[in-house]
Amino acid sequence: MSFKEQIDTARLPKHVAIIMDGNGRWAKGKGKLRVFGHHNGVLSVRDVVEGAGELGIKYLTLYTFSAENWNRPKYEVTAIMELLISTINKEIKKLMESNVRLNTIGDIEMLPKKCYDELVSAMEKTAGNTGLVLTLALSYSSRREIVQAARAIAEKVEKGDLKVSDITEDLFAGHLHTAGMPDPELLIRTSGEYRISNYLLWQIAYAELYFTDKLWPDFRREDLYEAISDYQKRERRFGLTSEQVN
Ligand code: IPE
Ligand code: IPE
Ligand code: MG
């Protein structure tokens with residue numbers, strides 16, 4: 001039985017987040033430059049986006065470029081930005097056909113203007129789509145996002161628009177870049193690394209974590225289905241006892 005057939009579609013995670021890692025090692029293993037890995041990683045993105053939409057996942061959030069990734073060699077950063085532009089350009093038609101809404105989190109104003117413009121235009125074009133919400137985390141740092149939220153709230157308090165006693169978890173979450181999105185129930189990281197790398201720290205408070213040794217360019221929808229099937233076998237207790245949950 002395929003992993004897809006094992007999935008109970010009535011109990012799908014609403015939101016799946018992925019740390020797409022291992023492009024560089026994948027390329028190196030083939031005797032190629034790191035950038036070759038990023039190019040092949042795009043094929044995985046395409047397949048996983050299609051596969052998630054087909055299954056009925058509502059939110060898919062992909063860690064595409066971290067704030068820390070700016071410190072990589074200049075040629076690699078440039079190549080990633082160019083790849084981003086060409087990919088959005090190529091995929092926009094497909095996103096429209098499959099009713100996908102494109103969204104971003106992170107400080108996208110820091111991206112090169114061409115890249116920023118391409119993204120904003122694609123987000124505007126797909127804004128009315130009602131299928132999968134595909135969020136790309138770009139120039140994203142979770143700690144920075146949390147500090148930005150704290151500042152925005154503090155400013156409102158300073159102006160008298162908000163009372164300190166109004167600050168709740170919901171209000172705080174509403175000031176994060178992910179405002180309005182449910183928290184991910186499932187976080188997947190590829191490439192055999194067991195860390196979070198400054199991704200969605202607030203939002204993954206109770207996410208199920210799934211790690212696979214597969215490098216991102218080898219990851220396909222069937223691997224996503226395997227992760228979801230594994231997720232569905234877990235007992236999510238939220239602090240309760242197993243007896244209470246059952
Ligand atoms: C993930 O693959 C893609 C980005 C971070 C942009 P890496 O480029 O981190 O690949 P490895 O981890 O060096 O193999
Ligand atoms: C995390 O991968 C960022 C993305 C996948 C875009 P990294 O490869 O940058 O993470 P670290 O630095 O190894 O933790
Ligand atoms: Mg990496």
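The values are calculated or read from the model by the stated rules, or taken from the named source; none is laboratory data. Remember, it's a predicted structure, so these values are computed and weren't measured experimentally. FYI the Cβ positions are ideal-geometry reconstructions off the backbone, even for glycines, and counts take in every protein chain you see. Ligands, DNA and RNA are excluded from the accessible area calculation, which covers all protein heavy atoms including side chains. Shrake-Rupley method; radii C 1.70, N 1.55, O 1.52, S 1.80 Å.
Among the numbered criteria (1) farther than 17 Å from Tyr199 by Cβ; (2) touching a residue at least 40 places away in the same chain (Cβ under 8 Å); (3) not hydroxyl-bearing (Ser, Thr, Tyr), which one does Val48 miss? Looking at each condition in turn, Val48 falls short on (1).
Under the condition of being of a type in the set (S, T, N, Q) and either free of Cβ contacts under 8 Å to residues at least 60 places away in the same chain or open to solvent by 30 Å² or more (accessible area, probe 1.4 Å) (or both), which residue from region 51-85 is farthest from ligand 3 (Cβ to nearest atom)? The qualifying residue farthest from ligand 3 (Cβ to nearest atom) is Thr78. Screening Thr126, Thr135 for residues that are among the polar types (S, T, N, Q), in contact (Cβ under 8 Å) with a residue 12 or more places away in the chain, open to solvent by less than 40 Å² (accessible area, probe 1.4 Å) and closer than 26 Å to Gly24 by Cα leaves exactly one candidate, Thr135. Screening Lys94 on (1) away from ligand 1 (no atom under 12 Å from the Cβ); (2) among the basic types (Lys, Arg); (3) farther than 27 Å from Pro13 by Cβ shows it passes everything except condition (3). If the condition is being within 25 Å of Asn246 (Cα to Cα) and of a type in the set (A, V, I, L, M, F, W, C), then region 195-234 contributes Ile204, Ala205, Ala207, Leu209, Ala227, Ile228. Among the residues of region 194-226, those identified as within 13 Å of ligand 1 (Cβ to nearest atom), surrounded by 14 or more Cβ atoms within 10 Å (Cβ to Cβ) and assigned to a loop (DSSP other than H, G, I, E, B) are Ser197, Asn198, Tyr199, Lys214, Leu215, Phe219.
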